[in-house]
Amino acid sequence: MNANKILTTALDLQKAHTKLELVDMARAFGWRGDHARASMLQIALYVGTKLAEDESPQQGGDRLPEQALPPAEEQPSQEQPSQEQPSQDQPSQALPPAEELPPAEEQPEQDQPDDKQWRAMLKAAGIDKPHAMLRKVYAVAVVGRMIPMLVGEAGTGKTFLAEQLGKLLRVPFSSISCTEGMSESQLTGWLLPVGEAGKFDYVASPFVRSIQQQSVFLLDELDGADGNVVLLLNSLLSNGFLTVPHKLENPTIRRHPDSIIIMGVNSPSGATELYTARGRLDASTLDRVYPMTVDYDPAYEKSLFVIPGQTRRVRSTEWKPSADVVDEQVMAALSNFFFKLRETKTANKVNRIVSSRMAQRLVAAVLAGVPVAEAKADNLLFWTADEQRRAGVTQ
C-alpha cells in the first residue's frame with residue numbers, strides 16, 4: 001500500500017467511524033490510555049499505517065514523509081486545520097496529549113541575530129514578506145523571553161505576525177479568539193467521559209498541549225475575555241506553571257521554556273465607541289506582559305493599489321534592533337529612570353504599577369536589542385499623557 005492509499009484509507013476511516021470506534025481500533029493495535037485518545041486524524045493515520053503493514057509487511061512501497069506521520073509522542077502535522085483555529089465549541093485534539101510530551105529541557109539563551117543572520121533565518125523559513133514588526137516580536141519573545149502583548153487596531157496583522165513567528169521558529173502555531181462567554185476550561189481542559197466504560201478522564205485543551213512543548217500560541221482578542229478567565233493565566237505567565245483542579249492526577253502543568261505565548265488586543269483599557277465588546281484588563285495581568293504597538297503598514301497598503309495582473313513592490317520599513325552597546329552607563333541611566341518613575345508617580349498619586357517586573361522588562365528589552373527610549377515608551381504604553389506628565393516622564 002503506497003503513501004497515497006494509506007492517507008486515503010486513514011481519512012476514510014476518520015469519516016466513517018465515531019471517536020469511540022476509532023479509539024477501539026487504536027486499542028486493538030496496542031494503544032492504551034491517552035495514546036488511544038490522541039488526535040482523531042493521528043489515530044486514523046496510525047490505523048491506516050497498521051493496515052498497510054498487515055497487507056504488505058515486506059514491501060518497501062512509498063513511505064510517508066517523517067513529518068506527515070508522527071508517533072503519539074511527537075507533534076502532529078501542521079496541516080491539521082484544528083491546530084490553526086481551535087474550536088471554541090468542542091474540545092480540540094490538535095496537539096499531542098500533554099502527558100506524552102517530553103520533559104522540558106533548559107535551552108541556551110538566544111542572541112539577537114545580525115542583519116545577515118536575520119535574512120538567512122527568513123529565507124530558511126520561507127518567509128518572503130515578513131511583517132514589519134516580526135523582528136521586534138522575535139527580540140521580545142525569543143531573545144528577551146517575555147510575553148509580547150500586541151496592541152493595535154483591527155487589521156494591523158497581529159494574528160499574521162504571531163503566525164509568522166511560529167513559521168520562523170518552525171514550531172506549531174495555535175490560537176484562540178477570546179470572548180466574554182469563553183469558559184476557563186477552554187484554556188485548562190475538560191473532564192469528559194472518554195475513558196473505559198464512560199469513565200471521566202481529563203482531556204487537555206489545545207492551549208495546555210501547546211505550552212508543554214516548543215510552540216507559539218496566540219491569545220487573540222484577549223481584551224474581549226472575561227476578566228476572571230484572564231486572571232488564571234497570571235501564575236503561568238510569571239511562575240511558569242498552571243494548576244488545573246479537575247486534572248486529578250498531576251494537576252500542576254509546567255510551561256516548556258521554549259513555549260511562546262503572545263497576546264493580541266485592541267483596547268486593553270476597556271470598551272470604546274469602536275471596540276464595544278471589550279473589558280479593562282487587570283493591572284496584575286498587564287504587569288506580566290511586554291506591550292508593543294502594532295500599526296498598519298503603509299508599504300503593504302500601497303502595494304494593493306495596482307491594476308490586476310501587475311505588481312507593485314514597496315519595501316516595508318522593518319523594525320531593527322539597536323546597534324548601541326549596553327554598558328554600565330546605560331544600565332545606570334535606566335536604573336535612575338525606573339526609581340525616579342516610581343518615586344514621582346507615588347508622590348503624585350498616579351494610579352499605575354511600577355513593579356520589579358517592570359524593571360525586569362526594561363533590562364531584558366534593552367539587552368534583547370530594543371532601543372532604550374523605545375523600551376521606556378513600550379512599558380508606559382498604557383499610561384495616559386497626563387499620567388506620564390505627573391510621573392515626570394519627558395516626551
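Could the peptides 188-199, 122-133, 156-167 be put in order, highest first, of the mean number of other beta-carbon atoms found within 10 Å of their residues?
In decreasing order of mean packing, 188-199, 122-133, 156-167 become 156-167, 122-133, 188-199.
The order of Arg135, Arg315 by accessible area, most exposed first and with a 1.4 Å probe, is Arg315, Arg135. Rg then Dmax, both in Å and based on the Cα atoms of region 284-325: 16.9, 51. Hey, if you put +1 on the Cβ of every Lys and Arg and -1 on every Asp and Glu Cβ in region 237-296, which of Tyr290, Ser267, Ser238 ends up farthest toward the positive end of that dipole? It is Ser238, whose Cα lies furthest towards the positive end. Heavy-atom accessible surface of Thr179, to the nearest 10 Å², is about 60 Å², with a 1.4 Å probe and all protein chains retained.
Placing unit charges on the Cβ atoms only, positive for Lys and Arg and negative for Asp and Glu, gives region 339-379 a dipole magnitude near 220 debye about its Cα centre. Against the criterion of solvent-accessible heavy-atom surface with a 1.4 angstrom probe, Tyr290, Tyr300 sort, most first, into Tyr300, Tyr290. In a reduced charge model with +1 at each Lys and Arg Cβ and -1 at each Asp and Glu Cβ, region 164-271 shows a dipole moment near 440 debye about its Cα centre. Please list 3J(HN,Hα) in residue order for region 321-330, calculated via the Karplus relation 6.51 cos²θ - 1.76 cosθ + 1.60 where θ = phi - 60°; whole Hz, with x for glycine and proline. My calculation for region 321-330 gives x, 5, 8, 6, 7, 8, 10, 4, 5, 5 Hz in order. Note on Ser355 and Ala271: their simple-model spin labels are 2.7 nm apart, each label 7 Å out from Cα toward Cβ. Dimensions of region 229-284 along the principal axes, based on C-alpha atoms and rounded to the nearest Å, stand at 46, 26, 15, largest first.
Name the long-range amide H neighbours of Val370: under 5 Å, sequence gap of 5 or more, or other chain; modelled H, no Pro or chain starts. Long-range HN contacts for Val370: Ser322. Charged side chains reduced to their Cβ positions (Lys and Arg at +1, Asp and Glu at -1) give region 105-228 a dipole of some 600 debye around its Cα centre.
Dividing the alpha-carbon radius of gyration of region 120-270 by the rule-of-thumb value 2.2 N^0.38 Å gives 1.11. On region 301-394, 53 percent of the accessible area sits on carbon and sulfur atoms, based on a 1.4 Å probe. Working ranking of peptides 148-154, 254-260 by packing, defined as the average number of other Cβ atoms within 10 Å per residue, highest first, is 148-154, 254-260.
Database remark: amide H of Ile260 closer than 5 angstrom to the amide H of Ser215, Val216, Phe217 (H placed geometrically; neighbours at sequence offset of 5 or more, or on other chains; Pro and chain starts carry no H). Taking all protein chains as they are arranged and a probe of 1.4 Å, the heavy atoms of Val306 leave approximately 50 Å² accessible to solvent. With N counted as the residues of region 288-395, its alpha-carbon radius of gyration over 2.2 N^0.38 Å works out to 1.41. Principal axis extents of the C-alpha atoms in region 240-358 (largest first, rounded to whole Å): 56, 50, 37.
Is there a pair in Lys136/Lys345; Lys320/Lys340; Lys320/Lys376; Lys116/Lys136; Lys116/Lys376 whose C-alpha atoms are over 24 Å apart, and which pairs would that be? Over 24 Å Cα-Cα: Lys136/Lys345; Lys320/Lys340; Lys116/Lys376.
The values are calculated or read from the model by the stated rules, or taken from the named source; none is laboratory data. These numbers were taken from a predicted model, which means no experiment stands behind them. In this analysis, Cβ positions are derived from the backbone assuming ideal geometry, glycine residues included, and neighbour counts consider all displayed protein chains. Heavy atoms of the whole protein, side chains included, go into the accessibility calculation; ligands, DNA and RNA do not. Shrake-Rupley method; radii C 1.70, N 1.55, O 1.52, S 1.80 Å.
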